[in-house]
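Below: one structure, written as C-alpha coordinates.
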Amino acid sequence: QEQLVESGGGAVQTADSLRLSCAASTRSGYTMAWFRQAPGKEREFVATISGSGRFTSTADSVKGRFTISRDNAKNTVYLQMNSLKPEETAVYYCAARGSGLVSRKPEDYAYWGQGTQVTVSS
(Lines give C-alpha, C1' and ligand atoms only; values in the text may rest on other atoms or scores of the structure.)
Protein backbone atom coordinates (compact mmCIF):
# COMPACT_ATOMS: atom_id res chain seq x y z
CA GLN A 1 0.00 0.00 0.00
CA GLU A 2 1.55 3.25 -1.14
CA GLN A 3 1.34 6.17 1.27
CA LEU A 4 1.71 9.73 0.12
CA VAL A 5 2.44 12.67 2.40
CA GLU A 6 2.11 16.23 1.15
CA SER A 7 3.82 19.23 2.69
CA GLY A 8 4.58 22.83 1.89
CA GLY A 9 1.14 24.37 1.97
CA GLY A 10 0.38 27.55 3.82
CA ALA A 11 -1.10 31.03 3.71
CA VAL A 12 0.40 33.48 1.21
CA GLN A 13 -0.44 36.71 -0.56
CA THR A 14 -1.47 37.17 -4.18
CA ALA A 15 1.50 36.71 -6.56
CA ASP A 16 3.54 34.83 -3.96
CA SER A 17 5.11 31.43 -4.54
CA LEU A 18 4.95 28.09 -2.77
CA ARG A 19 6.54 24.73 -3.39
CA LEU A 20 4.57 21.66 -2.46
CA SER A 21 6.23 18.31 -1.86
CA CYS A 22 4.80 14.81 -1.94
CA ALA A 23 6.81 12.01 -0.40
CA ALA A 24 5.97 8.42 -1.32
CA SER A 25 6.50 5.70 1.24
CA THR A 26 7.66 2.88 -0.98
CA ARG A 27 8.84 2.86 -4.52
CA SER A 28 9.48 5.61 -6.99
CA GLY A 29 8.59 5.44 -10.66
CA TYR A 30 4.82 5.82 -10.42
CA THR A 31 3.04 8.32 -12.59
CA MET A 32 2.18 11.10 -10.15
CA ALA A 33 -0.16 14.05 -10.20
CA TRP A 34 -1.41 17.03 -8.26
CA PHE A 35 -5.07 17.88 -7.95
CA ARG A 36 -6.84 20.56 -5.96
CA GLN A 37 -10.25 21.00 -4.46
CA ALA A 38 -11.79 24.25 -3.32
CA PRO A 39 -14.77 24.32 -0.94
CA GLY A 40 -17.96 23.39 -2.74
CA LYS A 41 -16.15 22.49 -5.95
CA GLU A 42 -15.09 19.28 -7.62
CA ARG A 43 -11.55 18.01 -7.51
CA GLU A 44 -9.56 19.66 -10.30
CA PHE A 45 -6.52 18.43 -12.19
CA VAL A 46 -3.40 20.58 -11.82
CA ALA A 47 -0.39 18.69 -13.19
CA THR A 48 0.96 15.21 -13.82
CA ILE A 49 4.38 13.68 -14.42
CA SER A 50 5.49 10.30 -15.74
CA GLY A 51 7.55 7.89 -13.71
CA SER A 52 10.76 8.88 -15.44
CA GLY A 53 9.91 12.58 -15.31
CA ARG A 54 10.19 12.77 -19.06
CA PHE A 55 6.54 13.54 -19.71
CA THR A 56 4.45 16.18 -17.98
CA SER A 57 1.05 17.72 -18.49
CA THR A 58 -0.26 20.89 -16.85
CA ALA A 59 -3.73 22.38 -16.67
CA ASP A 60 -4.21 25.39 -18.92
CA SER A 61 -5.19 27.53 -15.95
CA VAL A 62 -1.75 27.15 -14.34
CA LYS A 63 0.45 26.75 -17.39
CA GLY A 64 3.46 29.02 -17.25
CA ARG A 65 3.09 29.50 -13.50
CA PHE A 66 3.14 25.99 -12.00
CA THR A 67 5.82 23.37 -12.62
CA ILE A 68 5.73 19.72 -11.63
CA SER A 69 8.98 17.83 -11.12
CA ARG A 70 10.28 14.78 -9.31
CA ASP A 71 13.34 13.35 -7.63
CA ASN A 72 13.09 9.58 -7.78
CA ALA A 73 16.13 9.15 -5.55
CA LYS A 74 14.06 10.80 -2.82
CA ASN A 75 10.69 9.29 -3.84
CA THR A 76 9.38 12.86 -3.96
CA VAL A 77 7.31 14.90 -6.39
CA TYR A 78 7.16 18.68 -6.29
CA LEU A 79 4.79 21.37 -7.44
CA GLN A 80 6.34 24.79 -7.79
CA MET A 81 3.58 27.39 -7.78
CA ASN A 82 4.34 30.95 -8.79
CA SER A 83 2.12 34.03 -9.13
CA LEU A 84 -0.60 32.50 -6.99
CA LYS A 85 -4.12 33.87 -7.20
CA PRO A 86 -6.86 33.98 -4.53
CA GLU A 87 -9.07 31.69 -6.61
CA GLU A 88 -6.39 29.02 -6.27
CA THR A 89 -7.13 28.67 -2.59
CA ALA A 90 -7.80 24.96 -2.14
CA VAL A 91 -6.63 21.73 -0.61
CA TYR A 92 -3.93 20.34 -2.86
CA TYR A 93 -3.69 16.57 -3.18
CA CYS A 94 -0.92 14.36 -4.43
CA ALA A 95 -1.88 11.17 -6.25
CA ALA A 96 -0.03 8.13 -7.58
CA ARG A 97 -0.99 5.83 -10.39
CA GLY A 98 0.06 2.22 -9.94
CA SER A 99 0.64 1.77 -13.64
CA GLY A 100 0.00 3.63 -16.83
CA LEU A 101 0.87 6.88 -18.50
CA VAL A 102 0.15 10.42 -17.43
CA SER A 103 -3.53 11.14 -16.95
CA ARG A 104 -5.71 14.09 -15.99
CA LYS A 105 -8.48 11.92 -14.60
CA PRO A 106 -8.65 11.49 -10.82
CA GLU A 107 -10.26 8.07 -11.24
CA ASP A 108 -7.03 6.81 -12.84
CA TYR A 109 -5.10 7.31 -9.60
CA ALA A 110 -5.18 4.60 -6.95
CA TYR A 111 -3.29 6.32 -4.15
CA TRP A 112 -3.96 9.69 -2.58
CA GLY A 113 -2.42 11.80 0.12
CA GLN A 114 -4.37 13.62 2.83
CA GLY A 115 -3.90 16.99 1.18
CA THR A 116 -2.25 20.25 2.14
CA GLN A 117 -4.09 23.55 2.44
CA VAL A 118 -3.04 26.47 0.28
CA THR A 119 -4.66 29.81 1.07
CA VAL A 120 -4.01 32.84 -1.13
CA SER A 121 -5.26 36.17 0.14
CA SER A 122 -5.63 39.36 -1.84
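The values are calculated or read from the model by the stated rules, or taken from the named source; none is laboratory data. Quick caveat: nothing in here was measured; it's all calculated off a predicted structure. For neighbour counting, all protein chains shown are included, and Cβ atoms are generated from backbone atoms with ideal geometry for every residue, glycine included. Heads up: the accessible areas ignore ligands, DNA and RNA and are worked out on the full protein's heavy atoms, side chains in. Shrake-Rupley method; radii C 1.70, N 1.55, O 1.52, S 1.80 Å.
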Under a 1.4 Å probe, counting only protein heavy atoms, R65 has an accessible area in Å², nearest 10, of 30
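Quick check on the chain: take the gyration tensor over C-alpha atoms, sort the square-rooted eigenvalues as a ≥ b ≥ c, and tell me if it's rounded (a/c under 1.5), prolate or oblate. All intermediate terms of the calculation are to be shown ahead of the outcome.
Details: a/c = 1.64, a/b = 1.61, b/c = 1.01.
Prolate, since a/c reaches 1.5 and a/b exceeds b/c.
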Pick from S21, S50, S99: which is most flexible by mean-square fluctuation in a GNM of the chain where alpha carbon atoms under 10 Å apart are linked? S99
Which residue fluctuates the most in the chain, going by a Gaussian network model with Cα springs under 10 Å, if the choices are G29, G40, G100? G40
So what is the relative contact order for the chain, in percent, with contacts set as C-alpha pairs under 8 Å and at least six apart? 36
Once phi is turned into ³J(HN,Hα) by the Karplus curve 6.51 cos²θ - 1.76 cosθ + 1.60 with θ = phi - 60°, what whole-Hz value does each residue of the range 7-20 show in order, with x for glycine and proline? 8, x, x, x, 9, 9, 9, 3, 6, 6, 10, 9, 10, 8
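If each residue of separation counts as 0.36 nm, what is the full-extension length gain between K63 and Q80 once their alpha-carbon separation is subtracted?
Numbers: separation 17, 0.36 × 17 = 6.12 nm, distance 1.14 nm.
The K63-Q80 span can extend by a further 5.0 nm.
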Based on the Cβ-Cβ distance from E2 to A38, what FRET efficiency comes out when R0 is 30 Å, to the nearest 0.05? 0.70
In Å², rounded to a whole number, the accessible area per residue of the chain with probe 1.4 Å is 51
Given R₀ = 35 Å, FRET efficiency for A73-S122 by Cβ-Cβ distance, to 0.05? 0.35
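Which net charge results for the neighbourhood of Y93, defined as the other residues with beta-carbon distances under 12 angstrom from its beta-carbon, given Lys and Arg at +1 and Asp and Glu at -1? Don't skip to the answer; put the middle values down first.
Numbers: positive: R36, R43; negative: E6, E44.
The answer is 0.
Of all accessible surface on the chain at a 1.4 Å probe, what whole percent is carbon and sulfur? Spell out each step's value before the answer.
Details: 2880 of 6270 Å².
Reported share for carbon and sulfur atoms: 46 percent.
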Pairs of lysine in the chain with Cα under 19 Å and at least 8 positions apart or on different chains: total? 4
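Can you tell me how much longer the chain between S52 and E87 gets when fully stretched, taken as 0.36 nm per residue apart minus their C-alpha distance, in nm with one decimal? Numbers along the way, then the final one.
Working: separation 35, 0.36 × 35 = 12.60 nm, distance 3.15 nm.
So the extension gain works out to 9.5 nm.
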Top of T89, T14, T76 by mean-square fluctuation, Gaussian network on the chain, Cα under 10 Å: T14
